[in-house]
Amino acid sequence: MIERFKSHNHLATKGHTIKYRPWIIIHIEFFNSKSEAMKREKYFKTGIGREFIKNIIKNL
């Protein structure tokens, strides 16, 4: 997770993530497998998942 965050903030040279630097951590979850984590990440990219994220940001 730390490596992915580092990639988003420092190492990436193209793509969506560099347009919105610096990224900050507002929520963290841990998973037992990469496939579980990828399912959750896919959820966050849905309309319902985006609402979940907006609510977290609103309550900061």
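Every number here is computed from the coordinates shown, using simple stated rules; none is lab data. Worth saying up front: this structure is predicted, and the values here are computed from it rather than measured. When we count neighbours, we look across all protein chains shown, and the Cβ atoms used for this are built from the backbone with ideal geometry, even at glycine.
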Given the options 46, 32, 16, identify the residue whose Cα lies farthest towards the positive end of the charge dipole of the chain (+1 on Cβ of Lys, Arg; -1 on Cβ of Asp, Glu). 16
Name the chymotrypsin sites (Phe, Trp or Tyr not before Pro) in segment 21-60 that are in a loop by DSSP and that have at most 16 other C-beta atoms within 10 Å, would you? 23, 30, 31
Answer label, with Rg and Dmax of the Cα atoms in Å calculated from the coordinates and candidates [x] 12.5, 32; [y] 11.3, 34; [z] 12.2, 39: [x]
Net charge, residue 39 excluded, C-beta distance under 15 Å - Lys, Arg +1, Asp, Glu -1: +1
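Please identify every one of the trypsin sites (Lys or Arg not before Pro) in segment 10-60 that sits in a loop by DSSP and has no more than 15 other beta carbons within 10 Å of its own beta carbon.
Working: sites: 14, 19, 34, 39, 40, 42, 45, 50, 54, 58; in loops: 14, 45.
Counting only loop positions with at most 15 other Cβ atoms within 10 Å, the trypsin sites (Lys or Arg not before Pro) in segment 10-60 are 14, 45.
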